[in-house]
Structures are given as C-alpha cells and as structure tokens.
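Accompanying notes for the structure given below.
The values are calculated or read from the model by the stated rules, or taken from the named source; none is laboratory data. Values in this document were obtained by computation on a predicted structure and should not be read as measured data. Glycine also receives a Cβ, built like all others from the backbone with ideal geometry; neighbour counts cover every protein chain displayed.
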Amino acid sequence: MALLMAGLAAYGVFLVFTAAAYGWHGIGLGPRMRGPSDGRHQVQEWLMQAGLSDVRPAAFVTVSAAVFVIAAALAFAVFGGVLPPLIAGVFAASFPFASYRARRQRRRAQAREAWPRMIEEIRLLTGSLGRSVPQALFEVGRRGPEELRPAFSNAHREWMLSTDFTRTVAVLKQALADPTADATCETLLVAYELGGSDLDRRLAALVEDRVQDLQGRKDALAKQAGVRFARRFVLLVPLGMGLAGLSIGSGRAAYQTGGGQVGVAIGFMIVVACWWWAGRLMRLPDEDRVFHG
C-alpha cells in the first residue's frame, strides 16, 4: 500500500509539473497527438475521396436519422412491437454510409484506372516533348477524368498565384486524397526541386506498379462477381419470407407475441451479421496514403 501511494504521489507531481511547464492536459503521459490519424481529418479525407467535400457531417447525420425513422416505421407496420423496428432502423441507418462508401470506391477505382495513362502522358511530355514538370502535370490534368479535373484546376490556380510548386502539390494531394496521386506528386516534386535525368525511369516504374495493382484488383473483383450477386439474397429472401408470413395464420398478430418478437429480432440480427460478415470477407485492402501530412 505504501508503494502504491508513493507511486500515485509521484505521478501526481508529474502531472502538475507537465501542466505548469509544458501546458499538457489530461492524465496521460503526454499530450494527445493530432495529425493525419485525427478523426476529423479522416472524415474530411473520406468525404473528399467520395466526391462529397461539400457535405457537412450534420447533413450526413440528418439523412441517416431520416432513413432510421422510415425503416423503423415500415418494420413497425409489418411486425409491430419495439425491438424489431429498432433493429431494422439501426441497420437501415447504415445505408447512407454504405452508399457513400460505394461512391468512394467507384471514384477510387476510376482514379486507379486513369492514373497509369496520366503518368505515362506526363512521362512523354517531360521527356520527348520537353515540357516542364508543372506544365506537364496541369496539361494532363485538364484532359483527365471529369472527377479529377476540379482538383487540378485548384492546383493550377495555386500555381498561377504563388508559383510555389510545393504548395501546389500540397493543394493537389489534399483535393485528390489518393495514394497514387501522393506517389506521383512526390516524384514530380523531387524531380522539379532537385532535377536529374532519371525522372523518365522513375515514372515508368510507377506506371508498371500501378498497372499490376490495377490488374490484380480487377481479377479479384471478377472472381467475386457471383458472390456479390448472391449476397443480395441475404436481404431479399428474409424480407420476402417476413412479408409472406402476414398471410399465414393470424399474420401480424403472431409477430406481436412475445415469442414472435424475439424470433423476428433474432432473424434481423442474423441477417445483419451475415451481411456485415460477407462484406468484410469480400473487402479488398485499401492502399495507405504516403507523404500526405
């Protein structure tokens, strides 16, 4: 006990000293580090990747709440009670998130398909045609996919105002929020600042790496096509069986009994668990971003 009290007293002195000397707060051993792993930063990056940088988190929560109310009302109309509508509403409230995530995945897939061609064009412009690195980057960006052009326009505007390629690259990486964009921009930035004759070789190696990654992902998605189609039956078949149950026996009244409520709740939880588990099994790993702090 004496040793414990001595340790607590020493830690209290440490907290008082660090608060007075360094301005640290809380009871941890150090201040909380805020950076790329910060939750707010991750939310903003996620929305940018989905093309929803103008969407506020409050609007996202409002949509989810509206979907929750609608789904809970429909479940109450079919099954009655409290527990089944609550489970159905919570599950349906995840649909906006799933929809935005699917949109994010589509945008990232489009970017993955476009970047090898764009990098190859940059390599040709900076090599054979003698364009400068910024000029080649913006010229290719203007001809890039429609979803990527606003980011290149913002970066070009920054370049015209500041002629600072480091800041320009930072603006472009922040707007694109893409791992391939990070690697490409950093390669071009190093070539612009340090010069050298190996830019062509580095860009060619980057193109080869991106093509291999793209082909591997396409092969994996092709093998999952049948499983993804079958996954939809996890929702459709139980829903059809639940609606069919209204025409059997006492229908909705049977669902409102104690056993009926428990059975429906268990069925909902199994459906949600199978849907989530199948999605986890089929999820392809995302690349980690580099040099995006």
* Asked: Just a yes or no: is a residue in region 135-148 of a type in the set (Lys, Arg) and over 29 Å from Gln212 (Cβ atoms)?
  -> no
* To do: Give me a count of the residues in region 82-103 that are under 30 Å from Gly258 (Cβ atoms) and either surrounded by fewer than 18 Cβ atoms within 10 Å (Cβ to Cβ) or in contact with a Gly (Cβ under 8 Å, 6 or more places away or on another chain) (or both).
  => 6
* Asked: Before we move on, is Ala205 assigned to a helix (DSSP H, G or I) and either surrounded by 19 or more Cβ atoms within 10 Å (Cβ to Cβ) or in contact (Cβ under 8 Å) with a residue 40 or more places away in the chain (or both)?
  -> no
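Here's the yes/no breakdown for (1) touching a helix residue (DSSP H, G or I) at 6+ places or on another chain (Cβ under 8 Å); (2) in a helix (DSSP H, G or I); (3) surrounded by fewer than 20 Cβ atoms within 10 Å (Cβ to Cβ); (4) free of Cβ contacts under 8 Å to residues at least 40 places away in the same chain:
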site	(1), (2), (3), (4)
Met160	no, yes, yes, yes
Thr168	yes, yes, no, yes
Lys173	yes, yes, no, no
Thr180	yes, yes, no, no
Thr187	yes, yes, yes, yes
* When residues of region 186-221 are limited to those that are basic (Lys, Arg) and in contact with a Ser or Thr (Cβ under 8 Å, 6 or more places away or on another chain), the one farthest from Glu287 (Cα to Cα) -> Arg202
* Top-ranked residue of region 57-78 - restricted to ones that are of a type outside the set (A, V, I, L, M, F, W, C) and free of Cβ contacts under 8 Å to residues at least 24 places away in the same chain, ranked as farthest from Gly240 (Cα to Cα) -> Pro57
* Asked: Does Gly81 satisfy the criteria of being modelled with pLDDT of 75 or more and not aliphatic (A, V, I, L, M)?
  -> yes
* Is it the case that some residue within region 89-101 is in a helix (DSSP H, G or I), out of contact with any helix residue (DSSP H, G or I) (no Cβ under 9 Å at 6 or more places or on another chain) and of a type outside the set (Phe, Trp, Tyr)? -> yes
* Confirm whether Arg112 is out of contact with any helix residue (DSSP H, G or I) (no Cβ under 9 Å at 6 or more places or on another chain) and charged (D, E, K, R). => no
* Asked: If you go through region 208-217 one residue at a time, do you hit one that is in a loop (DSSP other than H, G, I, E, B), farther than 20 Å from Arg149 by Cα and acidic (Asp, Glu)?
  -> no
* To do: Would you be able to tell me the number of residues in region 79-103 that are over 21 Å from the mean Cα position of the chain (by Cα), closer than 19 Å to Trp275 by Cβ and in contact (Cβ under 8 Å) with a residue 60 or more places away in the chain?
  => 5
* Those residues that are farther than 15 Å from Phe68 by Cα and of a type in the set (Phe, Trp, Tyr), I need them from region 79-126; list them, please. => Phe79, Tyr100, Trp115
* Hey, among Ala204, Ala230, which residue is of a type in the set (A, V, I, L, M) and over 22 Å from Leu176 (Cα atoms)? -> Ala230
* To do: Evaluate region 104-125: report whether one residue or more is in contact (Cβ under 8 Å) with a residue 40 or more places away in the chain, surrounded by fewer than 17 Cβ atoms within 10 Å (Cβ to Cβ) and part of a loop (DSSP other than H, G, I, E, B).
  => no
* **Subset of region 241-293 that is modelled with pLDDT of 75 or more, touching a Lys or Arg at 6+ places or on another chain (Cβ under 9 Å) and not in a loop (DSSP other than H, G, I, E, B) - its residue that is surrounded by the most Cβ atoms within 10 Å (Cβ to Cβ)** => Trp275
